[in-house]
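Written out below as structure tokens is the structure these notes cover.
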Amino acid sequence: MDIIAGLKDKVVVITGGAGVLGAGFTNALAKQGAKVAILGRDLVKAQKLAEEINNAGAKALGVSADVCDEASLRKAHAAINEQLGLVDILINGAGGNHPKGTTADVFFDRNNTSGLQTFFGLDTEGLRFVFDLNFIGTLLPTKVFAADMIGREGCSILNISSVSAFHPLTKVVAYSAAKAAISNLTEWLSVYFAKEGIRVNALSPGFFLTEQNRTLLTNEDGSLTERGNKILSQTPMGRFGQPNDLDSTLLWLCNPDSRFVTGIVVAVDGGFLAYSGV
Ligand SMILES: NC(=O)c1ccc[n+]([C@@H]2O[C@H](COP(=O)([O-])OP(=O)(O)OC[C@H]3O[C@@H](n4cnc5c(N)ncnc54)[C@H](O)[C@@H]3O)[C@@H](O)[C@H]2O)c1
């Protein structure tokens, strides 16, 4: 990957920066010479990745915060300002799903006697958890960290949406709607901050095999589950994504030279969204 001069020494906060995709973002930006703040609930995990990056000669800081808790974000913000400087770029990578926000079946079956979760049995707390983590967990870090970007050049925000924001995935009702809200928020923020020159875009990954979805997509012996098979049969490139498949799009959207690129949601999905299946 070529070195992008404009990313050198930029202070980048990556929420969920030690997760599977988040660690890919963190490493890609550290390799560009950015100073990376890895923010997550698990301080040990964030600090371990920061240590690896620092040992490789780049600059990283692990900080703990809950993206749904403004006070903890403000504390992390103060630590980042003190140790790395003002924030130039924010990647809102923390997010995920919860089984209580999903139905068991694709279609409603009025004769269902299995006791498995239908739409009518969805748990309000489960739904709220998914909305809070994905939507509020994107809005609050933006509220806290974007304040540093006012009046400065080359600043941007990158939200992490999903292909489920374009057309909802079956069963995952709350996650799909929350990611659609992130795509919508991306456009809203891009307009709101346009006069300040703060660009706001979103990256929508397709299907990547991670700890969150491994048991949903693969069996213990590594073979595909029915859902895993269904996804690959709908993905023209015929494979799951690898975290580093996102690097070039991430760097393009964060590159200060992309100065006229704002308010877009870019899917990186091996053709999933383009394929009607017929
Ligand atoms: N894996 C995929 O196929 C896929 C596809 C589309 C979108 N995404 C999105 O990409 C992002 C990263 O997903 P991933 O697959 O790497 O998941 P992951 O679980 O590996 O990473 C998520 C990270 O966020 C952190 N986190 C969770 N809740 C938090 C909170 N309240 N406060 C702070 N940190 C918190 C976790 O500790 C973890 O490090 C998520 O927004 C996810 O929805 C993933």
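Counting only helices (runs of 4 or more DSSP H) wholly contained in the range 142-254, the ones carrying 1 or more residues that are within 15 Å of the ligand (Cβ to nearest atom), open to solvent by 20 Å² or more (accessible area, probe 1.4 Å) and farther than 21 Å from Lys8 by Cα occupy 173-192, 214-217, 226-233. Listed by first and then second residue, the pairs with beta-carbon distance under 6 Å, at least 6 apart or on different chains, first residue in the range 205-216 and closer than 14 Å to Tyr175 by Cβ, second open to solvent by less than 50 Å² (accessible area, probe 1.4 Å) and more than 7 Å from the ligand (Cβ to nearest atom), are Pro205/Val268; Phe207/Ile231; Phe207/Phe240. Residues that are within 15 Å of the ligand (Cβ to nearest atom) and more than 20 Å from Ile160 (Cα to Cα) within the range 78-95 comprise Ala79, Ile80, listed in sequence order. Does the range 119-138 contain any residue that is open to solvent by 20 Å² or more (accessible area, probe 1.4 Å), touching a helix residue (DSSP H, G or I) at 6+ places or on another chain (Cβ under 8 Å) and under 28 Å from Lys195 (Cβ atoms)? Yes. When the residues of the range 140-186 are narrowed to those that are in contact with a Ser or Thr (Cβ under 9 Å, 6 or more places away or on another chain) and of a type in the set (D, E, K, R), which ends up nearest to Val261 (Cα to Cα)? Within the range 140-186, the match that is nearest to Val261 (Cα to Cα) is Lys179.
Inside the range 255-278, residues that are open to solvent by 60 Å² or more (accessible area, probe 1.4 Å) and out of contact with any strand residue (DSSP E or B) (no Cβ under 8 Å at 6 or more places or on another chain) make up a count of 6. In this entry, Asp221 is excluded by the filter for residues that are among the acidic types (Asp, Glu) and within 28 Å of Gly6 (Cβ to Cβ).
If you go through the range 33-52 and pick out every residue that is within 21 Å of Leu251 (Cβ to Cβ), open to solvent by 10 Å² or more (accessible area, probe 1.4 Å) and either more than 13 Å from the ligand (Cβ to nearest atom) or over 18 Å from the mean Cα position of the chain (by Cα) (or both), you end up with 3.
The values are calculated or read from the model by the stated rules, or taken from the named source; none is laboratory data. This one's a predicted model, so the numbers in the text were calculated from it and none came from an experiment. Positions of Cβ are backbone-derived with ideal geometry, glycine not excepted, and every protein chain shown enters the neighbour counts. Keep in mind that these areas ignore ligands, DNA and RNA; they rest on the heavy atoms of the full protein, side chains included. Shrake-Rupley method; radii C 1.70, N 1.55, O 1.52, S 1.80 Å.
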